[in-house]
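These notes concern the structure reproduced below.
Just so it is clear, none of the values below were taken in a lab; they were calculated from the coordinates. Note that the structure is a prediction, hence the values are computed from the model and not measured. All Cβ positions, even for glycine, are placed from backbone atoms using ideal geometry, and neighbour counts span all protein chains on display.
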Amino acid sequence: MNYLNLAAILLLPSLCFAQKSPIQYVNPYIGSAPAVTESARRHSEGASELRGQISPVIGHPHGMTTWTPQTRSTETKCIAPYYYNDPKINGFRASHWLNGSCVQDYGSMAVMPVSGKLKVLADERAASFTHTQEVVTPAYYSVELLESKIKAELTATQRAGLLRFTFRQKEAAYLVIEPNSDEGEGYVEIFPERKEIVVFNPVHRIYQGAGQPAGFSGFYVLTFEKPFKSYGTWKSNGVQQSEKQAKGDGRRENVGAYVEFESEENLVINVRVGSSFTDLEGARRNLNAELSTLNFDQIKQKAEQAWNLELGKVKVKGTEQDKTVFYTALYHAKHTPRLFSDVDGRYPGFADDTQIYTANGFDYYCDFSLWDTFRAAMPLHALLEPKRTGHMMQSLTKKAEQGGWMPIFPCWNQYTAAMIGDHVASVVADAYAKGIRNFDVQSAYQYLRKNAFEANKDPKSYESGKGRRGMESYLKYNYIPLEDSVWQAFHKREQTSRTLEYSYDDFCLSTLAKALGHTEDQKTLALRAANFRNVIDPQTGWARGRYADGRWSPNFNPFALRASFITEGSPAQYTWFVPHDVGGLMKIMGGRAPFIAKLDSMFEKGYYWHGNEPGHHTAYLYSYGGAPWKTQRWVRQLIKEEYTADPGGLSGNEDGGQMSSWLVFSMMGFYPVCPGKPVYILGSPSFNELSVTMPNGKSFKIIAADNSPANAYIQSASLNGKPFSKPYLTHEQLTKGGTLVLKMGPKPNETWGDNAPELSSDF
């Protein structure tokens, strides 16, 4: 591999040495190959769950359009643009892939250099490559295409890309441009007189409304410095020389354009590409505003600066491998939500709203994989980037205003009902609890309240994904019984998991209602936050399916890998999803000792699955039961076993940055078990020392004295010079700045941090 984070530190005489910047530690390959962990093999169902589903992302943090080498030319669900083990590249893609997911890319477009004979179809134009001749960083990508002897290079801004192709041999030199429309609806038009090509690729929905138009397209304007020697278009494999325009008719046929340049040895072709979701003029404005007259190296440098600024908010001291894993995880966490508005603020209306809006005073974002990211990714943004998080909250609010319901899992600028729960309540409540105020919280609350108090009885809009699933049953029974199949959803049934998640979401909304003075709402929601009790069987202490008459599901096995009333996991794994009232869960189980024993069974007997999100907080629950030393033990082990610096170094789908956000928090030494409460549970930091720069300019430092792989246990602690015995930190303590010193050792101190009953309060 030839990526920059493998470059050796240059040692110089005396005290001088070259310090690597954060971007140099990032290995974008991580997660692009099948997982190599044992837990992934044991618990995954289907090939996609064995993959991190990562493609190298070249561009800017949260960029509208990012660039990646393309080894798969489709936008089919669960197929990433790039897989590490694929032997050939067939294009360089302007991508909107929800990185690490099992969804679909959308509105994408690819450019591929071809020499000698013109080849337009992806399989025919594909070129072999080796990873030893590949350079990949967050700001730059290059590769040698072996048969054609072409060097391809990519760099990008937030909304535009710059591609550079060097044709080393004096042969016919072509560029092939293809909108990746699986439906065959792409459009290309060539303007030879101004050395320009325009492209658009209409976006289609998946999940609720699958296959329907999403109401917008990916628009592109490509400009060239050199004139075209020849040009043409194609449909399927029918090439039309000198034809300037081609449009697919929806019959799943490939459509594209090609241009030829005068050949010469070491011919260099630069392609500037502007993108937009609004229209072609938006793409042109974005191109002119962000690329202007800057050359390739200047654009690359600006991208490097953007990533170093983003990643450099956390500075760490530790091993080189730990830095690689950590900074790569932080990089993965900062791809989505995606910037959706143009440089002038314009963006397409949400869902059925066809109006073009202008975002005034904020950037409009999309692609919120909230079932995954409410757990740690969104709290990470709230901690490190509260201003941007406010823009994200305002974006969610505008979606609700334009669509009529607060979206629960908004992707592709549409409602989806892709997953369960209503975790938009969590992220908004969490942002507000952490002092974020730069959004219209009153408007947001009204739509969050509508989700929580109303069942959508309009069949058409409910089918389209508006409103909580199974809400009539939830309001009637205070749980969703097994008789309700929840048929209008991508994830059908899963009644017990839904009940647990709605119970948590109602808690989150109750805290927001309390903060905003909605007393009656707060009382009602606080009562509903206890609904988890209706699906935890007191006889077994495990989450279980329940009928409308109160009977429990028969033939119950809490450790079955899958159950119809559980989402993507076992009843035992989902039992722990009561982050807002762990004390209440503990009482159902019979107290601390049975609670700890059940947790032990999860980890010691291999029932815990880290490769999917519902259990990510589970190891931190020991602290609620008075055994934070066990949290320290298992968190360290999970970091070691579930993450590596190899291409197969993620034990499951990245899912919008959640897998990596867990790692970022855990390596720093604290984790947000219950977003909505401004508190973080302490774990066991991976680094000897780290410093988090807060947006207010203050820094919070954690020093782990005598830290090592063997010394994973906290012996004692001090906060700002005073003895500290709490197994948690508050958000206020972090943002005020200070120093937490942890004395680490090889054996657990079973009395440190063993008494924190307030963890089950609402803080």
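Brief remarks follow.
- Under a 5 Å amide H cut-off, with hydrogens placed 1.01 Å from N, Ala214 pairs with Val203, His204, Arg205 among residues at least 5 apart or on other chains.
- Charging the Cβ of each Asp and Glu at -1 and of each Lys and Arg at +1, and nothing else, the dipole of the stretch 130-213 about its Cα centre rounds to 360 debye.
- Of Lys605/Lys747; Lys20/Lys323; Lys605/Lys726, pairs whose Cα-Cα distance is over 20 Å: Lys605/Lys747; Lys605/Lys726
- Protection proxy ranking, peptides 722-733, 144-155, 506-517, average beta carbon neighbours within 10 Å, highest first: 506-517, 144-155, 722-733
- Packing rank of 457-467, 133-143, 663-673, where each peptide gets the mean count of other beta carbons within 10 Å, highest leading: 663-673, 133-143, 457-467
- Applying 1/(1 + (r/R0)^6) with R0 = 35 Å to the Cβ-Cβ distance of Asp86 and Lys317 gives a FRET efficiency near 0.40.
- On full extension, the segment bounded by Asn266 and Glu454 gains 61.2 nm, given 0.36 nm per residue less the C-alpha separation.
- Helical segments meeting 24 Å axial Cα length and Kyte-Doolittle -0.5 threshold in the chain (DSSP H): 495-516
- Just so you know, the averaged projected area of the alpha carbon convex hull for the stretch 62-311 sits at 12.8 nm².
- By the equivalent-ellipsoid construction on the alpha carbon gyration tensor, the stretch 344-414 comes out with semi-axes of 21, 15, 8 Å, ordered largest to smallest.
- In order along the stretch 564-574, the Karplus-derived 3J(HN,Hα) couplings, from 6.51 cos²θ - 1.76 cosθ + 1.60 at θ = phi - 60°, round to 5, 8, 10, 8, 6, x, 9, x, 4, 5, 7 Hz, and Gly and Pro are given as x.
- Hz values of 3J(HN,Hα) by residue in the stretch 465-472 - Karplus curve (6.51, -1.76, 1.60), Gly and Pro given as x: x, 8, x, 5, 7, x, 6, 4
- Based on Cα contacts under 8 Å between residues 6+ apart, the stretch 303-442 shows a relative contact order of 22 percent.
- Prolate/oblate/rounded call for the stretch 315-664, Cα gyration tensor, a/c under 1.5 rounded: oblate
- Magnitude of the charge dipole for the chain, about its Cα centre and with charges confined to Cβ atoms of Lys, Arg (+1) and Asp, Glu (-1), is about 1360 debye.
- Overall Cα dimensions of the chain, principal axis frame, Å, largest first: 79, 73, 48
- Each of Trp629, Thr519, Gly615 was scored by the projection of its Cα onto the charge dipole of the chain, and the greatest displacement toward the positive side belongs to Trp629; charges sit on the C-beta of Lys, Arg, Asp and Glu.
- Order of Lys698, Lys323 under a 10 Å beta carbon neighbour criterion, fewest first: Lys698, Lys323
- Using θ = phi - 60° in the Karplus curve 6.51 cos²θ - 1.76 cosθ + 1.60, the 3J(HN,Hα) couplings for the stretch 203-220 round to 9, 10, 7, 10, 6, 4, x, 3, x, 6, x, 7, x, 7, 9, x, 10, 9 Hz; x is entered for Gly and Pro.
- Note on the stretch 322-378: dipole from Cβ charges, positive end direction compared against Tyr327, Phe362, Val343; the farthest Cα belongs to Tyr327.
- Highest to lowest packing among 164-174, 278-288, 237-247, scored as the average C-beta count within 10 Å: 278-288, 164-174, 237-247
- For the stretch 621-763, the Cβ-based charge dipole about the Cα centre amounts to some 480 debye (Lys, Arg positive; Asp, Glu negative; other atoms uncharged).
- Ellipsoid equivalent to the stretch 707-763 - semi-axes via the Cα gyration tensor, in Å: 21, 16, 9
- Listed residues Gly59, Leu742, Gln495: farthest to the positive end of the dipole of the chain (Cβ charges): Leu742
- Anisotropy class of the stretch 259-299 from Cα gyration tensor, a/c 1.5 cut: oblate
- For Arg338, the residues whose amide H sits under 5 Å from its own are Cys366, Asp367, ignoring neighbours fewer than 5 places away on the same chain, with H placed 1.01 Å from N.
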